[in-house]
Each structure stands twice: as structure tokens, then as C-alpha cells.
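What follows is a set of notes on a single structure, which appears directly below.
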Amino acid sequence: GPPDRPRVLIVGAVKAGTTALFGALGDDAPGRTKELYFFNDDAAFARGMPHYARLLAGSAADATIPGKEDADVIMSIDATPLYLIHPTALDRAAAAVPWATWIALVREPVDRAFSHYNMLTRFARTEARRASPQGRGTASFNLTRGDHDDDDDDAALSSRFAATLEPEVRCYEGVLSAESSDVAAEEAQNATAMGSIVERAFAACALTPLAGPLAALEPRGKLAMLGALSGLLSHGVMAPQIDRALRAHPSRDVVCVSQRALYDDGAATVAAVFDTLGVPNPRSRDAPVRRYESLSDHAVFAADHAGGFEGHRRRINPDVLRRLDRVLDLPNRALADALGLRPSCGAPQPPPHPYPKAIGFHHELHWLAPDRDAAAPPRTCAAPDETDHDVPQGTAAS
């Protein structure tokens, strides 16, 4: 594409490692603008492509032209993680930059939602302190120091997190229960039927307003850009979002990357992304991924995630966690099907579009496909012409 248009769009998800990947693809060059908020912002989009070109000028990364070791080409990256969940952003992007590769990072949805909740409460606390030096917010959102701190008691933090999600969780419980009761048990195992159920639930519940301590926040301005317009659980219901991306992209050039792989094996995962893009990797193959961003400071984040799957989940009340896992069981299975991680022998027809390229998802099998051996092939029953969507780049690929 033209040099003033992006080569890559990192479209989501919020709190799934987009900052880390953006930094790694640009070799952690300082001073680059990550989130451009163009295709999801009506006012910015109305200003047209010249405005977008100006925004992109601050997001360019150097990448070597294949075969020309001494030459550089600008690889512009727009890493706006709200594009994936936004209802029209991907259609706009498809029309404006049809050649761009779209990258979506996937994170275990409860861990992701908890991190997102922390981001919103931290932002709210900052705004409240800005409104009053004593640390108290406005009448509509009275927030005292420590009320929403990452360092707060886990039981209190878990309770507020659950309250924030409650209307959205009830929405998913209602829709998924009603939909599943209309589908025979054997049909519910069918990838097409299961994906349709999850898609209808996502459509019904994704815009459920935040509740609990964050209910008084108005999701506009900066807060809207932090993802407060959509339910926190819905950001992690990825199957409908990936399906929509594949339908929207003119050439289905969609790459899904495991957040856990980026954290556990960043150098190999980033190398796999460069390989998929067809761009020479300027990084050392053993270079760590820097600037891995979390709402907690790095030491807290590293401690939370050192044990693997649990992450922030260990801070959540066990009863709340079990309820969330029950709600997410069908959406997680639908995502595994969307990525081609589970066999779908009972499907009466092939998927409506190719699978996305998938990088690093053997790191996510504990929650996406717990019944699958990490060493097993991605699918055991798929048709021969549907078996090569994975990108087996070293240890980072599924």
C-alpha cells in the first residue's frame, strides 16, 4: 500500500498485550504513537485520510527491505485495540487499507477482564483526585483514595469486580441458557451451531453498561477510548469478533496471537509475527519483549502470572470465578473452534471462511481446549484443504 497508510493494524483486544507487541514490532523505538483511534472515532474518521496519514507519521517503525540490507522502509502500525470490538471500525479499515494485516491478541477472558477493570478504576481514581486535591471525586462519582487500588484487599477487590460485571454476566447467562435449551445436545457440539449461539449472546450483551462502583462513570472521551462502552466480559468473548474480522477483511489476512505466548516466550512469538508479515526481523532471536504493560507494576504482574494460567484469577473469589468460568465455557469452546484448535467432525459443512493464522496457542490450551494434548495436531478431523492455517514458527506457533 501507499507509504502513508499502515502495513499492520493491531486491532485488539484491550489489555491483551497490544502495547508489548507494538513496541516489539518497532524494536521498542521511543516516541512512537501507539493508539490512533481513527476508525472507531466518528469525528476523527470524518476528517479523512489526510488526517490519518498525519497520525500515522508518529507510529512508523523501521523494517529492512528484503534483499536490501542497507535500506529501510517505513512499516506504519496502527495499534488501536478497540477496533476489534467496535461495530464499524473494521469495515472502515477494510475499505481504507485493504492490504493491511490485522493482528488480534487473545488473552484468557477472566484474567483480561480483571486487568481491564483495574485500568478503569485506576483512571477513575486519577480523575477523582484531579477534581479534588483531597482525593474525592464529583458528586456523581465519589471515590476516595484506596477505594479501587490494585493493592487493596483481594476480597474487597473481587467483590467490586463481580458487582461491575453482574448485569453483563446475567445477560450472558440468560441468553446462553435460552439458546442452548433450543439446541439438541449433540448439535451443541457442532462448531457452526455453537458459534451462532455465542454470536447471538455477544450481540445481546456486549453493550451492557458497567455496574457497581463504575456505574456512575460516563463512557465518553478518554473513558470511551479505554473500552468502557462495552461490557468487560464481552471484550474477551473473541469468537464473534474474530469471525467478524475474517468476514470484513478483503483477503482474510487476520493473525491471532496468544497473549500468554507473548509473555512466556516473547522473542519466538515476535519472530513468528515478523515471519507471518513477511518482514525481516530486526530483533535478536533471543531479545526479550520489553515494555510489557499491565495495570499492576511489573513486579506485581510478574508475580501474578509466574504460575501460568491463573494470573489475576487467583485474586478472585472462588465462587465468582466458578460462575464466570461457567458463563464462558461455551464462548471459549467457540473460540477454540474459530481458531481451529478443536476437532469439529460433526460439522455438517465447512466453516464459512478460512481459519485465521494462529500463533502461540499451545500456551492457551489449558482454557481453550483443555481436552487436547498440547503436542497433538491442531485438528484431527478437518478437511485436507483446511489444515494449514497455523503458523508453525519455532516454539511460538500452535
Which of 168, 179 is most accessible, then next, and so on - probe 1.4 Å: 179, 168
Hey, can you rank 238-250, 257-269 by average C-beta count inside 10 Å, highest first? 257-269, 238-250
Solvent-accessible surface (1.4 angstrom probe) belonging to residue 49, in square angstrom, nearest 10: 50
Stretched out fully, how many nm does the piece from residue 155 to residue 207 gain, at 0.36 nm a residue minus the Cα gap? 16.0 nm
Between residue 200 and residue 47, what FRET efficiency comes out of the Förster formula 1/(1 + (r/R0)^6) with R0 = 45 Å and r the beta carbon distance, rounded to 0.05? 0.80
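The values are calculated or read from the model by the stated rules, or taken from the named source; none is laboratory data. Computed from a predicted structure; not experimentally measured. Note: ideal-geometry Cβ built from the backbone for every residue, glycine included; neighbour counts use all protein chains shown. These area figures cover heavy atoms from the full protein model, side chains too; ligands, DNA and RNA do not enter into them. Shrake-Rupley method; radii C 1.70, N 1.55, O 1.52, S 1.80 Å.
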